[in-house]
Amino acid sequence: MTELSLHRGISVQRIGAMILRYWYLLMSSWPRLLELLYWPALQIITWGFIQYYIAQNASFFARAGGTLIGAVILWDILFRGQLGFSISFLEEMWARNLGNLLMSPLKPIEFLLSLMVMSLIRLAIGIIPMTLLALIFFHFNVYSLGLPLIAFFCNLIFTSWSVGIFVSGLVLRNGLGAESIVWTLMFAIMPLACIYYPVSVLPVWLQYAAWALPPTYVFEGMRALLIDNTFRIDLMGEALAINAMLLVASFGAFLALLRSAKTHGSLLSGGE
């Protein structure tokens with residue numbers, strides 16, 4: 001049987017085999033599954049009750065009901081998308097298996113594509129129950145956003161993949177001593193992404209940095225949709241353009257860091 005391949009010899013079978021590997025790892029460990037469900041549920045319940053309290057005491061939040069819960073859900077898509085990508089990568093580092101994989105016929109692009117698919121699977125396990133909790137406890141239906149939700153989701157997941165690819169490259173090159181970057185980098189951009197407040201709150205000089213980040217456009221777009229009932233397609237287009245540049249740059253950075261890791265023997269040393 002001939003192997004089904006895409007452009008330039010990208011093998012669907014190899015990608016599928018990697019996805020299956022990560023799926024078995026995930027399903028074989030109940031703590032892994034619990035972690036995917038626990039934190040999103042905790043976040044939506046905590047922030048949901050905070051918004052419920054504020055809405056009873058502030059006319060703005062009463063008028064803009066759902067913005068805080070919506071921001072929590074979209075932030076979790078961004079954060080969990082990156083974390084789902086990076087944790088699957090770290091599984092290979094922890095098992096000292098990365099050198100074996102990258103010396104096999106598996107191409108780097110196939111490896112990254114399998115991590116992308118796995119991040120979507122991990123994200124779905126956590127985010128779907130989260131949205132159901134928001135609907136049951138706080139009567140906020142994120143799916144009622146309709147087509148704009150697809151634009152929000154795509155832009156956020158593209159950003160999460162860009163960050164995930166880049167930090168994976170850094171860990172690949174510098175070893176598990178750089179593992180903390182996986183957990184902290186997304187939080188570093190959190191203030192500039194303007195998740196819970198508009199860009200206008202920031203100092204003028206800092207607003208330029210905020211507008212360089214795709215998530216900023218998404219959260220501004222969400223507030224425009226929920227408060228003004230206006231879908232800002234211009235914001236989504238700008239976010240998509242920046243995401244395209246970030247994805248290309250992150251791919252290039254990963255390949256460069258991979259070459260450097262091979263030169264310095266990081267793959268065979270298990271990333272130490």
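With a 1.4 Å probe and all protein chains left in place, how much of the accessible area of the range 128-262 comes from carbon and sulfur atoms, in whole percent? The partial results should precede the final answer.
Working: 4630 of 6290 Å².
On the range 128-262, the fraction of accessible area on carbon and sulfur atoms equals 74 percent.
Based on the alpha-carbon set only, what is the convex hull volume of the range 145-235 divided per residue, in Å³? Working shown, then result.
On the way: hull volume 9.7 nm³, N = 91.
Enclosed volume per residue, from the Cα hull, is 106 Å³.
Determine the principal axes of the Cα atoms in the range 164-212, then give the extent along each, sorted from largest to smallest and rounded to whole angstroms.
Rounded to whole Å, the extents work out to 39, 18, 14 Å.
Given the convex hull over the Cα atoms of the range 71-119, what projected area results after averaging over all orientations, in nm²?
Numbers: hull surface 14.0 nm².
With the hull built on Cα positions only, its mean projection is 3.5 nm².
So how do 196-208, 141-153 stack up, highest first, on mean other-Cβ count within 10 Å? Before the final figure, lay out the partial values.
On the way: 196-208: 12.1, 141-153: 15.5.
The packing order, highest mean first, is 141-153, 196-208.
What is the sum of charges around residue 256, taking Lys and Arg as +1, Asp and Glu as -1, for the other residues whose C-beta is under 12 Å from the C-beta of residue 256?
Working: positive: 173, 259, 262; negative: none.
In short, +3.
Would you grab the residues whose amide H sits under 5 Å from the one on residue 11? Only those 5+ places off in sequence or on another chain, please, with H modelled 1.01 Å from N.
For residue 11, whose amide H was placed from the backbone, the distant partners under 5 Å are 6.
Rolling a 1.4 angstrom probe over the protein heavy atoms, how many square angstrom per residue are accessible across the range 89-179?
Numbers: 3490 Å² over 91 residues.
With all protein chains present, the range 89-179 gives 38 Å² per residue.
Taking the range 79-191, how much of its Cα-Cα pair set, in percent, is spaced more than 18 angstrom apart? The partial results should precede the final answer.
On the way: 3533 of 6328 pairs.
Value for the range 79-191: 56 percent of Cα pairs lie more than 18 Å apart.
The values are calculated or read from the model by the stated rules, or taken from the named source; none is laboratory data. Note that this is a predicted model, so its numbers are computed, not measured. No Cβ is skipped: glycine too gets one built from the backbone with ideal geometry, and neighbour counts run over all protein chains shown. Side chains included, ligands, DNA and RNA excluded: accessible areas come from the protein's heavy atoms. Shrake-Rupley method; radii C 1.70, N 1.55, O 1.52, S 1.80 Å.
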